[in-house]
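Below is one structure, written out as structure tokens; the observations come after it.
Read-outs throughout are calculated quantities, based only on the coordinates presented, and are distinct from any laboratory measurement. Model, not experiment: these values are computed from the prediction. Neighbour counts run over all protein chains shown; Cβ positions are idealised from the backbone, glycine included.
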Amino acid sequence: MNKTLAMLTASAFALVSASVFADDNDFGTVTPAQQAKMKQEADAKKAAMAKMTPAERAAAKKARDAETLKYEETMVKRIQNPQGASAGISKSVEDSKAGPTPRRGTMNTPEANKILMEQKGQ
């Protein structure tokens, strides 16, 4: 009985998962006019690449590669920097570890205990 129930549950899960992933061909809200415009831009870019001389193509490729390398180096620096995005967090963690400082002269005194008891309602 338990094996049958487990197999039934697993098959139902697999069927639901498959149906969810099968309906994953949503292309967003691109209208046919926008599609035509994007196709026209892509065709113009292809035509411009076809008109380029080999030297111009090499220069364009070199510029794209330099831009990609710059982006990758920036990402590596961000990942490897221990003080990067968490610098502000580290400071607030240190501040919270210190805790609030009590007012001067109110700690462990009979007056302070009396005030605490009044605040608690005792």
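Take the residue pairs Lys37/Lys77; Lys39/Lys70; Lys39/Lys77; Lys37/Lys61 and return only those whose Cα atoms are more than 31 Å apart. Could you put the intermediate results ahead of the total?
Working: Lys37/Lys77 38 Å; Lys39/Lys70 29 Å; Lys39/Lys77 37 Å; Lys37/Lys61 25 Å.
Too far apart for the 31 Å limit: Lys37/Lys77; Lys39/Lys77.
How much length is gained if the chain between Leu69 and Leu5 is pulled fully straight, taking 0.36 nm per residue apart and subtracting their Cα-Cα distance, in nm to one decimal?
On the way: separation 64, 0.36 × 64 = 23.04 nm, distance 5.43 nm.
In short, 17.6 nm is gained.
Counting Lys and Arg as +1 and Asp and Glu as -1, what is the net charge of the other residues whose Cβ lies under 15 Å from the Cβ of Met38? Before the final figure, lay out the partial values.
On the way: positive: Lys37, Lys39, Lys45, Lys46; negative: Glu41, Asp43.
Result for the neighbourhood of Met38: +2.
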Potential extension, Val76-Ala112 segment - 0.36 nm per residue separation minus Cα distance: 7.6 nm
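Count charges around Ala55 for me, please; just the other residues with Cβ under 12 Å from its Cβ, Lys/Arg as +1, Asp/Glu as -1.
On the way: positive: Arg57, Lys61, Lys62; negative: Glu56.
Neighbour charge sum, excluding Ala55 itself: +2.
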Per-residue ³J(HN,Hα) for the range 60-75, Karplus 6.51 cos²θ - 1.76 cosθ + 1.60, θ = phi - 60°, Hz, x for Gly and Pro: 5, 5, 5, 5, 5, 5, 5, 5, 5, 5, 4, 4, 5, 5, 4, 5
